[in-house]
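Step one of this worksheet: look at the structure below.
The values are calculated or read from the model by the stated rules, or taken from the named source; none is laboratory data. Since we're looking at a predicted model, the values are computed, not measured. For neighbour counting, all protein chains shown are included, and Cβ atoms are generated from backbone atoms with ideal geometry for every residue, glycine included. Keep in mind that these areas ignore ligands, DNA and RNA; they rest on the heavy atoms of the full protein, side chains included. Shrake-Rupley method; radii C 1.70, N 1.55, O 1.52, S 1.80 Å.
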Amino acid sequence: MRASALRILTVILLGSAITQAHAVYVYDNTINDQVSRLSAVDNLKFGDEVTLGANYPANPMMTHFEFEYWAINTTDLTVDVELRLNDGTPNNGYATPGTILYSYYGCALSDTERSTLNFDAGLDFAPSGIYLPGDTLTLCLTFHFTTGSAGVDLYDPPTEGSSYIDYWQYDNFGNIWQLTTNNVFGTVNFGMRIEAVPEPSVFALFALGGLGAFGLRRLLRRS
């Protein structure tokens with residue numbers, strides 16, 4: 001019974017360490033509101049490429065990311081969400097969005113002046129998080145709606161990490177990613193955050209070491 005209890009305690013401690021301890025924002029662009037917003041085109045995929053900042057831990061596991069959106073007078077509104085590495089076939093010398101790290105298709109949305117969509121380890125993906133093998137990522141979105149309008153809120157500059165002034169747009173006919181600039185806003189950076197912790201093995205060793213010391217103290221007390 002006591003051994004079983006100790007195993008349960010181990011799982012709890014490891015899960016808590018992985019998903020909560022030392023979590024940091026490796027990208028944060030939610031502070032400097034541009035008070036402007038980008039309208040999405042129905043069924044057109046577009047994305048914001050970001051570079052993770054100085055808080056980027058060794059062998060990071062993403063435990064949370066979020067982005068802001070808006071929607072007015074829409075019907076049948078959904079969004080496809082992809083978080084991609086920028087390791088795709090270069091276009092004009094720039095690596096395009098490639099490997100998908102996370103995806104959620106057909107997420108149902110409601111009209112809102114402004115809301116935040118949150119994605120978390122243990123709820124939307126594995127409790128240990130998603131390994132980030134590179135520091136350059138693109139959040140790709142595709143809005144689907146019958147009527148009305150929807151899109152993303154724009155912020156700049158990021159307070160952690162960095163982002164370019166342009167954004168990626170996918171050509172459905174040419175099946176190719178293209179860099180796009182917006183003459184109205186100048187800078188198109190989504191309001192979004194990414195949070196990460198170091199790889200689980202670091203915390204696993206810490207937690208197991210703590211449990212070992214706990215067991216040793218119990219043995220010493222009994223002797």
Condition set part of a loop (DSSP other than H, G, I, E, B) and either touching a Pro at 6+ places or on another chain (Cβ under 8 Å) or open to solvent by less than 40 Å² (accessible area, probe 1.4 Å) (or both), scope the stretch 147-165, selection nearest to Ser115 (Cα to Cα): answer is Pro158
Yes/no for Thr112 being more than 19 Å from Phe145 (Cα to Cα), in contact (Cβ under 8 Å) with a residue 40 or more places away in the chain and either surrounded by 15 or more Cβ atoms within 10 Å (Cβ to Cβ) or β-branched (Val, Ile, Thr) (or both):
no
The strands (runs of 3 or more DSSP E) lying entirely within the stretch 14-119 that contain at least 3 residues which are within 16 Å of the chain's Cα centre (by Cα) are 24-29, 45-51, 61-75, 78-85, 100-108
inquiry  = Given the criteria part of a loop (DSSP other than H, G, I, E, B) and touching a Phe, Trp or Tyr at 6+ places or on another chain (Cβ under 9 Å), does Pro127 qualify?
reply    = no
Residues of the stretch 44-80 being open to solvent by 10 Å² or more (accessible area, probe 1.4 Å), touching a Leu at 6+ places or on another chain (Cβ under 9 Å) and at pLDDT below 95, in sequence order, are Tyr56, Asn59
- prompt: So is Gly106 modelled with pLDDT of 95 or more, in contact with a helix residue (DSSP H, G or I) (Cβ under 9 Å, 6 or more places away or on another chain) and over 23 Å from Asn189 (Cβ atoms) or not?
  reply: no
In the stretch 170-194, anything in contact (Cβ under 8 Å) with a residue 12 or more places away in the chain, outside any loop (DSSP other than H, G, I, E, B) and over 16 Å from Val81 (Cβ atoms) is listed as Ile176, Trp177, Gln178, Leu179, Thr180
Note: among Asp87, Asp120, just one is within 14 Å of Phe67 (Cα to Cα), at pLDDT 95 or above and surrounded by 12 or more Cβ atoms within 10 Å (Cβ to Cβ), namely Asp120
By residue number, the members of the stretch 174-202 that are modelled with pLDDT of 90 or more, more than 25 Å from Gly122 (Cα to Cα) and open to solvent by 40 Å² or more (accessible area, probe 1.4 Å) are Asn175, Ile176, Gln178, Leu179, Thr181
Residue count, the stretch 135-146, condition surrounded by 14 or more Cβ atoms within 10 Å (Cβ to Cβ) and farther than 16 Å from Glu68 by Cβ, comes to 7
If you go through Gly129, Gly210, Gly151, the only one that is in contact with a helix residue (DSSP H, G or I) (Cβ under 9 Å, 6 or more places away or on another chain), of a type outside the set (D, E, K, R) and at pLDDT 95 or above is Gly129
